[in-house]
Every structure is written in C-alpha cells, then in structure tokens.
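The block underneath contains the structure these notes are about, expressed in structure tokens.
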Amino acid sequence: MILQNAQVPRDAFEVQDAIGKLWEKLGGWLDAVILKLPNFILAIILLIIFYFIAKGLAKFSRKVLFKKLEQESIRQMLSKLTFAITFIIGFFIALSVLELDKALTSVLAGAGVVGLAIGLALQGTLSNSVSGLVLSFIPNVRIGDYVETNDKSGFVTEITLRSIVIRQPNNEYVVMPNSKFVDEPFTNYSLTERSRISVSCGVGYESDLQMVEDITTEIIGQAFEQKGTEEIEFFFTEFGDSSINFEVRFWIDCTAIKAKKAATHKAVKIIKARFDKENINIPFPIRTLDFGKNNLQIVKNSKE
C-alpha cells in the first residue's frame, strides 16, 4: 500500500510565518522596554522633581522676585509663566533621558501645517490668551478691583490666560472670557476713591423753592463732606404733574457700587426727615376717576 504525503495549504505556512514574525517583533519590543525601564523610571522621577521645583519657583518668584510689582494680576501671570517654563525644561530633560528628544524635534519640525490648522481652530482661545496678557499688564484692571460689565458686577479675584473671574456681591462667581471683557466697555469703581452721585425728589407747588434749595444743600453738606474743589450742586429740573422736581448732586467716598447705594439710602432718609420737620410737602400722583352716572350704576350692579 503506497502512502502519499498530505499536502499542507500554502496559506497555513504564510499565517504561521506572520505569527512568528509578530512574536519576534513583540519580543524585541519587550527587550527594549526592559532595557529602557531604568531610563523610564528616571524620566518619571525627573518630571516629579521638576514639577515641585517649578511650583516652588513660582511661589518664590511671586512672593520675592515680583514682590515690588504693584498689580497682583502681573505677579500671578509671571509666576505661572515661571512654572510653565521650568516644567517644560524638565520635560525635555526627561525626553533626553529616554533618547526621544531628537524624535520630538523632528516631529515639531514637521508640524508646521498641523500647527497652523490648530491655530485656526483655536483662534478664540488664542484671542482669550492675548486678552489675558493685556488684562494682566494694564493698570485699569487689578485683582481686588470692583468692576461692572455686561450686566455683571463684583470684585476681580483672578485673571488667567483664558478668563477673568468676578465675585459678585451675592458671593456667586462669574467666569468671563477675556476677549469679551476686553471688547466690551466696563466700569472700574476702584480706580478712584471719590465719586459723584445724584438724588432726585419733588416738592409741592406751594413750596418756597429757595427754602427747599437751602435746606437740601445744608443737610447734604452736613451728611457728606465735600473735599477740595468739590461742591454740592442743586437743580430744579421740571414742572411735574403734581410736583416741582429737583436733583441734588454731591461727592462721596466710593470704591464699590455698594457705597453709592448706601449714600443714596442715607440722603433719601435725611431729606424726608427734614422736609417733614419743615412741613415741606413731597406730593405723590393723584388720579381722579369719573365714571359718570350710568357707568357708576353698572359698577354697583356688578358688585351686587
């Protein structure tokens, strides 16, 4: 009996050959990982060390090196740049330990087009970053200032490369993109220590207007000190429906909007108290409704 050799399909040899090459490649990678393991551990240790060095330098630079800078926002920004630069140096040293610094340089050299595309995609973020640098170095906005913009008001607590953080009087925080804050008008109440406010009121037509003016300027002057060339300004503004209206303007110490509200509150109280004492009438609108005989009968019937 003659035995014939079984033929093994050619595809089976190709699969076995591919698997063998794969295992050979994986084995080579495993050997390389084992050989590079000490370098990898050393690189991680270097990153951790440089992280704490960067954190310490940032803290030291903010409290010592940049201590003479008046603006807190500038100190914050420079300390963050110090942290970033120090950590990046440590990152490149770690790559050199892993012998990946040349590969990274080649990748960065060929990433021009990719960088351009990313820059176009992140142009809003880049705009916020540039605005953040502007906000950090201009003297018009400082950490701790009381500002008002876009129907939001409060104290500036932080300025980053992306946003400005405002703590509102109700203790809620508003995070606003830097570009929006820079592009829109804003009011900074902390730039000056003095501010002028106005209070409006009205008196009856029977009132002695000169007496009204004298009394108002007198009590406002007693309650609010005017400094230097500042003065109390009093103006009758119009003949109203039931009163002659006036406006009194005066200066107060003001670095936040709360001071304006408090001064207005005080002025209204002392004007009302003094006018009551002097029997000066502050009228309120009165409307007389004339329904007529027929309409009045309809109202009475509807009430029944």
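Every number here is computed from the coordinates shown, using simple stated rules; none is lab data. Quick caveat, the model's predicted, so the values are computed rather than measured. Please note: Cβ atoms are built from the backbone with ideal geometry, for glycine as well, and neighbour counts cover all protein chains shown.
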Open item on the list: Order these by the 10 Å Cβ neighbour count, fewest first: K55, K277.
Closed with: K277, K55
TODO: Mind listing the long-range amide H neighbours of Y205? Cut-off is under 5 Å, sequence gap 5 or more, other chains count too, H placed in the peptide plane at 1.01 Å from N.
DONE: I244
TODO: Determine ³J(HN,Hα), in whole Hz, for all residues of region 86-96 in sequence, where each value follows from phi through the Karplus function 6.51 cos²θ - 1.76 cosθ + 1.60 and θ = phi - 60°; x replaces Gly and Pro.
DONE: 4, 5, 5, 4, x, 5, 5, 5, 4, 5, 5
Task: Dipole moment magnitude, nearest 20 debye, region 194-277 about Cα centre, only Lys, Arg, Asp, Glu C-beta charged - done: 680 debye
TODO: Starting with the highest mean, order 201-214, 223-236 by the number of other Cβ atoms within 10 Å, averaged over the residues of each peptide.
DONE: 201-214, 223-236
Task: Spin-label proximity, I270 to region 198-238 - amide N less than 11 Å from point 7 Å beyond Cα toward beta carbon - done: 216-226
- [ ] Work out the charge dipole of region 194-277 with +1 on the Cβ of Lys and Arg and -1 on the Cβ of Asp and Glu about the Cα centre, then indicate which of T255, I270, M211 is farthest towards its positive end.
- [x] T255
TODO: Starting at the first residue of region 239-245, write each ³J(HN,Hα) from the Karplus equation 6.51 cos²θ - 1.76 cosθ + 1.60 with θ = phi - 60°, in whole Hz, x for Gly and Pro.
DONE: 8, x, 4, 10, 7, 9, 8
